[in-house]
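Visitor: This is the structure, below, for whatever I ask next.
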Amino acid sequence: MNWPLIIFGIGFVSIFVLRLPIALGLIMNSVLYMIVSGLDIGLTAESLLSNLWSRYIIMAVPLFIFTANVMNNGKVTDLLFGFADSLVGRLPGGMGHVNVVASFIFSGMTGSAVADASGLGL
């Protein structure tokens, strides 16, 4: 039996029972698992941070969200929705059509569904 994994599961359930925030629970459980399994916390953190830049795909999501915030603050998304509204806003169900057309244009610019959801969904 894998005791560190069992303790991790018990800790995970107890975090929810105690109604602690999820982020705090995940951090506490991860540290508890590393202590019980005998992993060195310093080496684990160093390995995680050094390998982060080699996986550039992981960095794409926060950068897309950052770009979406810049577009929202610069009112680019308002212009995009205004353009889509002028195209299909007069049709029945115009609000839904405007959202689909704006999403179509934005995903054509970025090429990513994640960027589309974060850019127009904020």
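The values are calculated or read from the model by the stated rules, or taken from the named source; none is laboratory data. Remember, it's a predicted structure, so these values are computed and weren't measured experimentally. Glycine also receives a Cβ, built like all others from the backbone with ideal geometry; neighbour counts cover every protein chain displayed.
Visitor: Is it the case, given these coordinates, that I41 is at pLDDT below 80, on the phi < 0 side of the Ramachandran plot, of a type outside the set (S, T, Y) and in contact with a helix residue (DSSP H, G or I) (Cβ under 7 Å, 6 or more places away or on another chain)?
Guide: Values: at pLDDT below 80: yes; on the phi < 0 side of the Ramachandran plot: yes; of a type outside the set (S, T, Y): yes; in contact with a helix residue (DSSP H, G or I) (Cβ under 7 Å, 6 or more places away or on another chain): yes.
So I41 passes the test.
Visitor: While we're here: So the check is Cβ under 6 Å with 6+ separation or different chains; which pairs have a first residue in region 91-104 that's under 15 Å from D78 (Cα atoms) and a second one that's of a type in the set (F, W, Y)?
Guide: A102/F81
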